[in-house]
Structure formats: structure tokens, C-alpha cells
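The values are calculated or read from the model by the stated rules, or taken from the named source; none is laboratory data. Keep in mind that what you see is a predicted model, and the values were worked out from it rather than measured. Don't worry about glycine lacking a Cβ; one is built from the backbone with ideal geometry, like all the others, and counts go over all protein chains shown. Side chains are part of the model used for accessible areas, which takes the heavy atoms of the whole protein and leaves out ligands, DNA and RNA. Shrake-Rupley method; radii C 1.70, N 1.55, O 1.52, S 1.80 Å.
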Amino acid sequence: MFEMMPFTRSRGMDLYRPFRDLEELERSLFSGAGLGGFQTDVKDTGDAFVLEADLPGVKKEDIHIDVDGDRLSISAQRSSGREEKDQDGNYIRCERSYGSFSRSFDISGVRSEDITAAYENGVLTLTMPKQTTAVPAARRLEIQ
């Protein structure tokens, strides 16, 4: 059974990595998927995967979706348009995050040429049809 997972690069087979958990924690904290990044949901609809990414405040033209082999990358840029400042030119309060965000996913098992994308109300939706596996036709063998 195929599951859609975030794309990670492996450096070969490491048999002994005592600090792997610390590295994974660091990666999760600073990868952009946590604070300041964007979150995704992936649904399996049977014949396709549907990925929904929350990108509030991002303009459609600032979202880029790239497919490179078995990797799909979503990148977005959110710009600050806020002008509310104090007399020194500083923000009085700024809690919204701005900048570039990126996530990558392993799409092996997906027909990449048939992926469709839509963006509405701050949610990017990708529909990714699954590859179909050819089931050999039943046949009877002749005995020689």
C-alpha cells in the first residue's frame, strides 16, 4: 500500500546513528513546517490523493508547484503589506509571519502528468491521480 509522505533525502544506509532523534527534532523545528510554515492534509480518495495546503494571505501568483521526478515541491511567498507603525517607524504589534515557505513530497505512485491544482480562500488543493497497476489477464497454459 502506498502512502504519501513528506519528501526526505537519505544519505545512504546508516547502521549506527546515535543522534538521529536529535537530528529529526532539529529538522522538524527548523524545516518551515512548524511555526511560520504551512500545514497540509493528504486524503486518499481511492483513485487519487488530494493534498490541501493552508496558505492564507498568499496570492495565487506567489505559489509555485514543481515536479522533479518523484518529488513535488510547493513553495510560496507571503509579503508584508502592513503599514501600521509607531512614531519610530516600528511595528506596534506584528504576529503574522512573512517570507518564503516550502514543502516537498514524495509522489512515487502518482501520475504526475495528471496532477491538477486549484486555489480558493487561502487553501491550495492538489488532486493527484494514483498510478494504475496493470493486472495480468487470466489465461490457461497449454501443456506441451
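Just the residues that are touching a residue at least 12 places away in the same chain (Cβ under 8 Å) and within 18 Å of GLU113 (Cβ to Cβ), please, taken from segment 65-81.
Matches in segment 65-81: ILE65, VAL67, ASP70, ARG71, LEU72, SER73, ILE74.
Find the residue count for segment 88-127, including only residues that are modelled with pLDDT of 95 or more and aliphatic (A, V, I, L, M).
Residues meeting the conditions: 6.
Filter segment 101-138 for residues that are in a strand (DSSP E or B), touching a Lys or Arg at 6+ places or on another chain (Cβ under 8 Å) and open to solvent by 40 Å² or more (accessible area, probe 1.4 Å) and give the result.
ASP106, TYR119, LYS130, listed by residue number.
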